[in-house]
Amino acid sequence: QAKYKERGTVLAEDQLAQMSKQLDMFKTNLEEFASKHKQEIRKNPKFRVQFQDMCATIGVDPLASGKGFWSEMLGVGDFYYELGVQIIEVCLALKHRNGGLITLEELHQQVLKGRGKFAQDVSQDDLLRAIKKLKVLGNGFGIIPVGGTYLIQSVPAELNMDHTVVLQLAEKKGYVTVSEIKTSLKWETERAKQVLEHLLKEGMAWLDTQAAGEPQYWLPALFTELYSQEITPEEAKEAIP
Amino acid sequence: MDRFAWTTGLLELGETLVIQQRGVRLYDGEEKGTFDSGVLLLSTHRLIWRDQKNHECCIAIPLSQVVFIEEQAAGIGKSAKIVVHLHPVSLNKEPGPFQSSKYSYIKLSFKEHGQIEFYRRLSEEMTQRRWETMPAGQTIQVNKDPQAGRVRAAGIVGIERKLEEKRKETDKNISEAFEDLSKLMEKAKEMVELSKSIANKIKEKQGDITEDETIRFKSYLLSMGIANPVTRETYGSGTQYHMQLAKQLAGILQTPLEERGGIMSLTEVYCLVNRARGLELLSPEDLVNACKMLESLKLPLRLRRFDSGVMVIELQSHNEEEMVASALETVSEKGSLTADEFAKLVGMSVLLAKERLLLAEKMGHLCRDDSVEGLRFYPNLFLTQG
């Protein structure tokens with residue numbers, strides 16, 4: 001088996017051996033870091049954000065696998081994966097009310113309620129990171145920026161740019177009308193109606209035909225935010241398979 | 001607590017809600033009182049607290065009354081708190097629950113969490129001071145007392161000094177952690193570069209790299225959390241870890257699948273498996289990567305992806321196309337069904353019920369009636385009575 005080395009090029013096998021060594025060293029460094037700062041990551045959400053951002057910058061995903069060093073030694077994995085389960089359960093329980101759209105605020109409130117008194121507090125940033133990981137499961141998880149916050153989608157309904165932009169418009173008052181869409185976005189009636197009908201069909205919007213003036217399209221995801229309702233026992237049962 | 005005034009709790013014109021949190025207890029300085037379970041609301045102008053049991057009991061304090069705030073970490077048996085230091089009582093304050101208080105601060109105790117976000121938002125509002133530029137209704141009194149300034153200088157110095165010391169200590173801890181983190185990241189970065197180089201070489205087939213070595217490489221990437229750059233390799237997806245996991249899943253999921261008609265969505269599987277594990281949970285990607293290997297490992301389960309993107313695990317013995325035939329019967333019996341109705345009848349999740357009906361439609365057995373009242377499926381009479 002002739003291995004020929006060209007001048008200046010290192011073979012893949014050699015680099016692999018080098019990587020193996022570096023990996024062992026890295027593992028030791030990470031263990032040391034964990035012994036000093038594991039609590040910091042657990043208790044300090046700002047530090048968690050910094051940690052995640054730095055990983056992203058260098059091209060490392062500490063949440064990719066529960067078997068990864070980061071997860072095993074810093075314990076970040078379990079924190080986010082468990083949060084993922086809680087997010088799925090809340091979204092499933094409330095889906096029939098809001099069509100699979102919920103504000104980040106309401107999701108945050110409901111998740112905190114479900115976690116109980118003795119669990120660790122979570123920030124909205126934590127929720128967003130957990131949700132980004134859930135996308136790969138194919139259930140239609142998505143994050144839609146509206147106003148100063150986000151709507152979280154948890155059903156495989158198609159929401160394109162048109163739908164998103166109308167959701168953003170509706171965010172201010174919790175509802176939107178065809179006229180408002182035409183004025184703000186300069187669309188024709190037909191286009192506005194198509195988008196609104198799609199949202200109605202998906203159960204994400206409700207129609208109020210008795211409003212003064214013209215019909216109003218309300219988004220339950222938005223107007224329940226101010227009156228955080230309890231999840232009923234029936235709804236909770238729906239969430240647990 | 002004597003800075004609070006009774007209020008209706010309704011927001012004024014020009015006042016906006018920023019964040020709210022339930023399960024908050026109010027302390028007058030160090031003393032607990034009767035305000036032990038309420039919803040705390042932060043608006044652009046005020047902090048409002050409403051009793052959860054008695055909605056009539058609602059008190060508020062203008063943000064202009066706040067000097068500064070600090071966080072108090074949770075402890076064993078103790079909830080996280082925010083300490084709010086206040087200016088002396090305004091002479092023109094509306095009536096409230098306390099006539100006097102020996103404390104110049106209150107504490108907000110977050111018994112049901114939420115302290116992190118609330119503190120963040122409250123800090124923002126204290127920085128932006130929107131109540132100064134956004135005129136609101138008459139009932140929000142703003143602290144215009146000229147005496148307040150002088151009194152502030154006297155009592156606050158000691159507190160500020162203490163805060164400064166605490167800040168320095170925290171900063172030192174954070175900067176040490178941050179420094180250590182930066183050093184760690186430098187090393188991680190080297191590994192990322194190295195892995196890119198190796199991946200390129202594998203792609204261009206430089207040198208003699210065996211299948212075993214490729215598998216080893218993938219496990220290194222997994223440990224570091226580096227995305228696998230060799231996307232189109234033909235050695236089969238995943239690593240040893242995922243293979244083992246796939247076999248474990250086949251064991252764990254057999255019974256649950258049988259109990260659920262042979263099919264479960266991947267999100268259901270994720271929740272089921274992780275709740276059972278309790279510790280050392282699977283990441284969503286771990287689950288997907290393991291499930292991708294089910295078929296090639298000839299296990300009795302398989303991963304299936306519907307057109308909508310929804311992914312399910314099915315028993316090999318499960319035949320969705322046969323289930324479609326029985327679905328058609330059910331729909332015919334009832335005349336027509338929506339996904340919700342079908343789900344209730346058959347005892348399936350709405351998500352999977354909808355996928356089955358869509359598949360039946362794709363196979364030509366059902367027709368849809370898509371209106372604003374919902375998506376309803378009918379037997380396809382064009383086919384049978386064509």
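The table for this structure:
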item: Criterion violated by A:ALA56 - all others in (1) touching a helix residue (DSSP H, G or I) at 6+ places or on another chain (Cβ under 9 Å); (2) among the aliphatic types (A, V, I, L, M); (3) more than 10 Å from chain B (Cβ to nearest Cβ) satisfied; result: (1)
item: Residue count, region A:123-169 (criterion: under 19 Å from A:PRO45 (Cβ atoms) and assigned to a strand (DSSP E or B)); result: 4
item: All positions within region A:95-128 that are of a type in the set (Asp, Glu), within 22 Å of B:GLY278 (Cα to Cα) and more than 10 Å from every other protein chain (Cβ to nearest Cβ); result: none
item: Qualifying residue in region B:44-55 (condition: assigned to a strand (DSSP E or B) and acidic (Asp, Glu)); result: yes
item: Residues that are surrounded by fewer than 16 Cβ atoms within 10 Å (Cβ to Cβ) and more than 14 Å from chain A (Cβ to nearest Cβ), drawn from region B:37-59; result: B:LYS53, B:ASN54, B:GLU56
item: Hits in region A:13-52 (condition: over 27 Å from the mean Cα position of the chain (by Cα), farther than 30 Å from B:LYS201 by Cβ and of a type in the set (Gly, Ala, Ser)); result: A:SER35
item: Region B:25-46: number of residues that are over 15 Å from B:GLY9 (Cβ atoms) and of a type in the set (Gly, Ala, Ser); result: 3
item: Test: residue in region A:84-94 that is in a helix (DSSP H, G or I), more than 9 Å from chain B (Cβ to nearest Cβ) and more than 23 Å from B:ALA276 (Cα to Cα); result: yes
item: First in region B:268-296 and farther than 20 Å from A:GLU72 by Cβ and more than 7 Å from chain A (Cβ to nearest Cβ), second anywhere and among the hydroxyl-bearing types (Ser, Thr, Tyr) and part of a helix (DSSP H, G or I), Cβ under 9 Å, 6 or more apart; result: none
item: Enumerated helices (runs of 4 or more DSSP H) restricted to region B:271-386, each holding at least 2 residues that are closer than 30 Å to B:SER223 by Cβ, of a type in the set (D, E, K, R) and out of contact with any Cys (no Cβ under 6 Å at 6 or more places or on another chain); result: B:284-292
item: Residue list for region A:126-143, restricted to those being more than 9 Å from the chain's Cα centre (by Cα) and surrounded by fewer than 20 Cβ atoms within 10 Å (Cβ to Cβ); result: A:VAL136
item: Test result for A:ASP78, of a type outside the set (Lys, Arg), closer than 16 Å to B:LEU272 by Cα, touching a helix residue (DSSP H, G or I) at 6+ places or on another chain (Cβ under 9 Å) and facing chain B (nearest Cβ under 8 Å); result: yes
item: Extreme residue, farthest from the other protein chains (Cβ to nearest Cβ), among residues of region A:12-39 that are under 14 Å from B:LEU221 (Cα atoms) and touching a residue at least 12 places away in the same chain (Cβ under 8 Å); result: A:LYS27
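Each row is one residue, and each column tells you yes or no for (1) modelled with pLDDT of 90 or more; (2) β-branched (Val, Ile, Thr); (3) more than 20 Å from the chain's Cα centre (by Cα).
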{"position": "A:LEU159", "(1), (2), (3)": "no, no, no"}
{"position": "A:ASP162", "(1), (2), (3)": "yes, no, yes"}
{"position": "A:GLN168", "(1), (2), (3)": "yes, no, no"}
{"position": "A:THR183", "(1), (2), (3)": "yes, yes, yes"}
{"position": "A:GLU188", "(1), (2), (3)": "yes, no, yes"}
{"position": "A:LEU199", "(1), (2), (3)": "yes, no, yes"}
{"position": "A:PHE223", "(1), (2), (3)": "no, no, yes"}
{"position": "A:GLU238", "(1), (2), (3)": "no, no, yes"}
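The values are calculated or read from the model by the stated rules, or taken from the named source; none is laboratory data. Predicted model only: the values in this text are computed from it and were never measured. No Cβ is skipped: glycine too gets one built from the backbone with ideal geometry, and neighbour counts run over all protein chains shown.
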